[in-house]
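A quick write-up on the structure given underneath.
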């Protein structure tokens, strides 16, 4: 799928302006409502049904040991205060996504463990046996943790798809998580590269840097698009809004920053919605330009399923 990587002119805004717009209340009278503990949120992208799954959330202390490693603490504090967040902790979310299209039920990433992803799927009306494909965006533990239930594959009917470069890196790394969770499924796995398709309208887009073969996936149906961004930006302010801020978990920090700038610029220019694996649940929203960086606008009632 050809993708335009042009950017709009940056919007004039002050550095202290908040980087997240408050979501508007849903207006549809017949829209299904979910409570604050919901583990599933469904959107429509053309003829595709896209459901984000909350497979866990956890607080982490001292966020500047994770984000903004190359930033002065005073700047980190000022940006955080301007955006109404403290500098004492960060809240992480773990959000696999299910895409139902053309008779396929495709799960992107599997969370930290099988129990959590199974519970989230159940809230979406699905069981692990319903999954036809499991796509691994990359192979950090919080993305592969649900693949195996003890020594048995959690998704017994699924085919497995991942990037060739990503698989090759971890296969040679002697990694315990890979050996326990991914290696037993190798014979069921197919591999792709930048621009290859998982299914019609589901296209891999390289975003290397977070890991050597980290992939995002563009969904396209009926003239609508949505990007599954995986770990391209792991926080809506400290990473997405400031793409050059270094993140501890990015294996190649310069390449990760370059991927953020390229892809976030495309999302802003083309007004394409995005799902980010670690963004606040339901993990979906939009990107707009702000000075030399970006601003995350969380979804409200757009794309209601």
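Data for the structure
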item	result
Single match in 208, 281, 249 (criterion: in contact with a helix residue (DSSP H, G or I) (Cβ under 8 Å, 6 or more places away or on another chain), assigned to a loop (DSSP other than H, G, I, E, B) and either farther than 19 Å from residue 143 by Cβ or at pLDDT 95 or above (or both))	208
Test: residue 214 is within 14 Å of the chain's Cα centre (by Cα) and over 19 Å from residue 107 (Cα atoms)	no
Tabulated pairs, the stretch 38-65, first free of Cβ contacts under 8 Å to residues at least 24 places away in the same chain, second surrounded by 14 or more Cβ atoms within 10 Å (Cβ to Cβ) and in a loop (DSSP other than H, G, I, E, B), C-beta under 8 angstrom, 6+ apart or interchain	64/71; 64/87
The stretch 293-305 residues that are touching a residue at least 60 places away in the same chain (Cβ under 8 Å) and at positive phi, paired with ones that are crowded, with 16+ Cβ neighbours inside 10 Å and assigned to a loop (DSSP other than H, G, I, E, B) (beta carbon under 7 Å, 6 or more apart)	303/273
Number of the exception - residue 243 against (1) surrounded by fewer than 23 Cβ atoms within 10 Å (Cβ to Cβ); (2) within 16 Å of the chain's Cα centre (by Cα); (3) part of a strand (DSSP E or B)	(3)
Output for the stretch 96-149, where each listed residue is within 20 Å of residue 220 (Cα to Cα) and in contact (Cβ under 8 Å) with a residue 60 or more places away in the chain	96, 97, 99, 101, 102, 104, 106, 108, 109, 133, 135, 137
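The values are calculated or read from the model by the stated rules, or taken from the named source; none is laboratory data. Please read all numbers here as calculations on a predicted model, not as lab measurements. For neighbour counting, all protein chains shown are included, and Cβ atoms are generated from backbone atoms with ideal geometry for every residue, glycine included.
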